[in-house]
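Scroll down for the structure; my scribbles are underneath it.
The values are calculated or read from the model by the stated rules, or taken from the named source; none is laboratory data. Keep in mind the model is a prediction, meaning the values are calculated, not measured. Side chains are part of the model used for accessible areas, which takes the heavy atoms of the whole protein and leaves out ligands, DNA and RNA. Shrake-Rupley method; radii C 1.70, N 1.55, O 1.52, S 1.80 Å.
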There are 4 protein chains.
Amino acid sequence: MRRKKKTKSEDLIDRRKSQILEAAIKVFSEKGFEGSTTKEIAKKARVSEGTIFRYFKTKKEILIGLVNMLTEKSMFKFIQEVEDGLDPSQALKNILKLHYNMITQNYQLLKTIFYEMQFHKELREAFYKEVVSNVLEVIKKRIQESGSTRDDVPPELAAQTLLGIFLGITMVQTMVEENENPLDPDKKISLMLDIIFNGIKKHD
Amino acid sequence: MRRKKKTKSEDLIDRRKSQILEAAIKVFSEKGFEGSTTKEIAKKARVSEGTIFRYFKTKKEILIGLVNMLTEKSMFKFIQEVEDGLDPSQALKNILKLHYNMITQNYQLLKTIFYEMQFHKELREAFYKEVVSNVLEVIKKRIQESGSTRDDVPPELAAQTLLGIFLGITMVQTMVEENENPLDPDKKISLMLDIIFNGIKKHD
Amino acid sequence: MRRKKKTKSEDLIDRRKSQILEAAIKVFSEKGFEGSTTKEIAKKARVSEGTIFRYFKTKKEILIGLVNMLTEKSMFKFIQEVEDGLDPSQALKNILKLHYNMITQNYQLLKTIFYEMQFHKELREAFYKEVVSNVLEVIKKRIQESGSTRDDVPPELAAQTLLGIFLGITMVQTMVEENENPLDPDKKISLMLDIIFNGIKKHD
Amino acid sequence: MRRKKKTKSEDLIDRRKSQILEAAIKVFSEKGFEGSTTKEIAKKARVSEGTIFRYFKTKKEILIGLVNMLTEKSMFKFIQEVEDGLDPSQALKNILKLHYNMITQNYQLLKTIFYEMQFHKELREAFYKEVVSNVLEVIKKRIQESGSTRDDVPPELAAQTLLGIFLGITMVQTMVEENENPLDPDKKISLMLDIIFNGIKKHD
DNA sequence: AATGAATGAGTCTTCATTCAT
DNA sequence: GATGAATGAAGACTCATTCAT
């Protein structure tokens with residue numbers, strides 16, 4: 001109960017925090033963590049610099065707040081909401097498709113978070129606890145229950161591989177596309193999924 | 001001949017540059033680009049701060065110098081030196097194994113380079129020209145000449161996928177391993193390769 | 001009305017700016033532009049170094065701000081306020097006397113501005129637009145309307161000559177006086193004016 | 001004797017010094033004292049930076065060396081060499097014409113010297129002793145012996161005025177010409193001289 | 001609670017000067 | 001004597017954080 005009931009002032013606090021975090025997403029996405037200034041975040045959030053420090057003790061805390069927001073705003077949660085009844089490989093495809101979009105859409109921010117994780121233990125822990133472990137768990141479950149994966153692949157590794165594949169591919173593609181001509185996103189994702197499921201080897 | 005013969009002073013310059021770059025690798029790897037100071041690099045390189053700027057006009061140039069070093073020191077070149085006669089999938093495995101080690105060993109630095117690429121065009125271009133395009137080319141060639149890949153997978157995509165898979169997996173594993181127990185690297189890579197070739201789907 | 005009414009914060013800004021500019025006058029006058037440090041200006045203005053850069057984006061802007069201050073504080077404007085009814089040569093004398101004092105009082109600063117103008121286009125333009133052109137215009141007008149100058153002297157040249165004479169004489173006198181004994185300023189200016197009007201040639 | 005006889009090595013020293021000073025003239029003229037680097041002077045003089053400091057203890061000494069060179073190279077001496085028999089006012093005109101050219105030609109350098117004099121006593125003294133006092137003396141003498149100047153003008157002041165007039169006019173003209181169209185130099189100097197001799201007042 | 005002016009530690013970078021070769 | 005690599009002090013400028021209003 002308590003969880004859901006909030007006093008007015010708590011509400012206000014949350015609103016202010018969100019306001020700041022929304023602004024931070026944009027600024028961090030565009031300029032990275034170090035490249036962003038609290039001044040700019042304040043401006044974009046239409047509050048004063050002082051206010052920011054009322055709600056977040058330090059600049060770093062804003063970034064951590066962002067990670068928490070990611071899950072609260074269920075950017076990742078939806079992964080668990082894919083319907084259950086589906087053909088497993090199709091379900092996985094759906095998951096991955098959504099996942100792909102999410103990563104694509106929040107690519108800049110995620111990159112910043114991923115990067116800064118190296119330097120800030122709190123951030124690393126928050127991100128792992130809030131995001132990674134969930135994602136891995138879901139994927140793992142899906143793979144297992146689909147029953148269609150090879151027996152010699154431990155589900156953990158499969159899940160990690162899957163997540164890594166998506167992250168990495170997205171990164172590389174972003175890089176490549178700036179220099180070469182981009183492929184049709186839909187075709188691209190289909191092919192990637194096909195590769196993941198069937199491998200690149202020719203089967204006769 | 002002339003190419004290889006260097007004057008004493010050229011040698012010295014190179015040595016100093018290396019000295020600074022080696023230090024920069026450590027510092028950048030540990031603290032990232034923005035988090036590093038030229039002062040600390042100087043200290044670790046056991047030269048004065050002024051000396052750094054004799055050899056690199058700006059801090060950013062150090063990072064670019066690092067990218068060039070990566071190729072010059074043939075961290076990536078070896079890819080082309082894998083013997084030709086091998087069974088193609090085995091050759092690819094060898095390549096990837098080496099590649100994997102390289103990425104693992106320089107993971108922190110690569111992450112920094114990848115990340116900063118967003119903000120520095122020169123770096124982006126240098127890295128793409130020196131590293132990415134080469135890697136992609138080699139992988140593509142290998143995949144093609146192996147003749148064993150599916151016809152419906154464009155080699156470019158396959159190559160990109162491969163590169164991305166390795167980068168992404170490495171990232172995820174680094175994250176995961178900090179929180180869980182690491183797997184045996186050899187087994188891990190074998191499995192990953194297997195996945196890449198054969199996919200995760202069960203074949204009967 | 002509105003023009004003159006300033007909000008409190010505008011007032012404060014102006015006060016801070018003035019505070020810094022006053023300090024800058026002293027420091028620049030004493031040590032020149034390059035010889036001055038923002039640190040010293042800050043100290044003399046009793047603000048932190050950071051504050052300086054709140055009000056002036058760069059050190060150079062302080063110098064430009066000084067030029068604007070010169071006119072805003074009507075150090076030069078008064079030239080136009082000399083009464084009109086006077087005997088023209090007397091009016092000019094008054095003008096020049098005031099001018100002389102102003103130049104003398106701000107000699108060091110003016111020298112710095114003059115000098116740095118070589119290297120900073122913005123400064124050159126600001127100074128020319130704000131000061132020189134005005135001065136020249138006024139002097140020219142006065143000379144013309146006095147009707148008492150020779151017809152073969154183009155007013156522009158006469159005006160330039162006048163301005164130059166004062167600047168140059170002030171410079172030389174400053175130099176000379178350090179080594180020899182100074183003359184009575186009033187006598188000096190009278191004589192100079194006389195020379196300018198009547199020339200150095202003996203007329204019988 | 002000793003004065004004129006120089007050992008070989010003294011000769012060499014002088015040559016090196018000249019070499020450096022010639023370079024310094026160019027660099028200082030273009031970039032001012034603070035804006036110039038010993039590195040650039042060294043480069044232009046085709047010596048190493050270290051060599052510069054063999055011949056001049058400090059950068060400032062180069063500037064002082066330049067002042068001495070000015071007189072030694074008789075940039076100002078010629079003033080005394082104007083023929084004696086001439087009509088006095090014509091002689092003065094010649095002097096001033098030469099003077100004018102000299103100032104014009106070395107304007108940039110002189111400006112730098114003038115400016116830096118404020119901050120360096122040694123320089124100020126050197127310049128006054130070597131240059132100013134000479135010039136003043138000559139002009140004064142000329143004015144006096146011409147017998148054609150007004151009795152109420154003390155020769156010192158007349159001389160100072162003259163020198164100041166030329167310096168100042170040159171400065172102003174340089175400034176003005178950048179913004180407006182330049183006058184024909186010959187006409188300009190004639191007019192200026194005329195003004196100096198006859199004043200700007202109309203004589204009937 | 002909110003503001004935004006003020007702070008000052010910390011950054012990259014420059015350059016006169018020194019010194020080993 | 002000459003070199004030019006190395007030094008390190010010093011400078012302009014930035015920005016997270018604080019605090020008086």
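Okay, here's what the table says:
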| item | result |
| --- | --- |
| Accessible surface buried once D binds C (1.4 Å probe; total of both sides; Å²) | 5500 |
| Links that overshoot a 26 Å alpha carbon limit, given the list C:Lys31/D:Lys39; A:Lys141/B:Lys111; A:Lys31/B:Lys129; B:Lys39/C:Lys60; C:Lys43/D:Lys59; A:Lys59/A:Lys121 | A:Lys141/B:Lys111; B:Lys39/C:Lys60; C:Lys43/D:Lys59 |
| For the stretch D:18-26, 3J(HN,Hα) per residue [Karplus equation, 6.51 cos²θ - 1.76 cosθ + 1.60, θ = phi - 60°, Hz, x = Gly/Pro] | 4, 3, 5, 5, 4, 5, 4, 3, 4 |
